[in-house]
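The values are calculated or read from the model by the stated rules, or taken from the named source; none is laboratory data. Note that the structure is predicted; figures quoted are calculated from it, not measured. Neighbour counts are summed over all protein chains in view; Cβ atoms, including those assigned to glycine, are modelled from backbone coordinates with ideal geometry. Note: areas computed on protein heavy atoms with side chains; ligands, DNA, RNA excluded. Shrake-Rupley method; radii C 1.70, N 1.55, O 1.52, S 1.80 Å.
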Amino acid sequence: MAARHDEASHRGGSGAPDDGPGQDSLRDLDWLAGLMDDRFQVPGTRIRFGLDVLVGLVPVVGDTATTMVSGYLFWRAARLGLPFWLLVAMAGNIALDFLLGLVPFVGDLLDIGFRANRRNLALVRRHLARREGRAAGRPRQAPRPGAGWYRGPAGAGAGAGGPRAAG
């Protein structure tokens, strides 16, 4: 992979891949997230798990080690210029994964379903797709009804952005 970046710099390019900003980084992150969250499969089932579950079986030390790998993924993703709110959401996923993993055995079973690294990578991909869409001149999508700020009882009041119903 380093050869690809070197070739681009020798051609006078920026070193960025042709298939969009951050795509090499996303491929690397995808590989590492897969290794940590879903690389292996329980034979005869559709249940997938990664090193996060296996290393997490070692109390405290294992969960700390896997959290460090998640922290590395977070750092690499943050270098893509993500907004603060997205970084907070990603950090929350990592913290929850760590806390779940601290519960002996049960936490490891919950780790199989939670997959913090995959969740974080999905957040990054969604954000980058939206950002690329806006850069290409496509209009911003309207928010889903009920999404976003808390609207208070029956949609009126705090955060509704409109007049409060007379009462």
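Mean sequence separation of contacting Cα pairs (under 8 Å, at least six apart), scaled by the length of segment 47-110, corresponds to a relative contact order of 38 percent. If you take all other residues with their beta carbon under 15 Å from the beta carbon of ASP97, and give Lys and Arg +1 and Asp and Glu -1, the sum is -3.
Sorting ILE47, ILE112 by solvent-accessible area of protein heavy atoms yields ILE47, ILE112, largest first, with a 1.4 Å probe.
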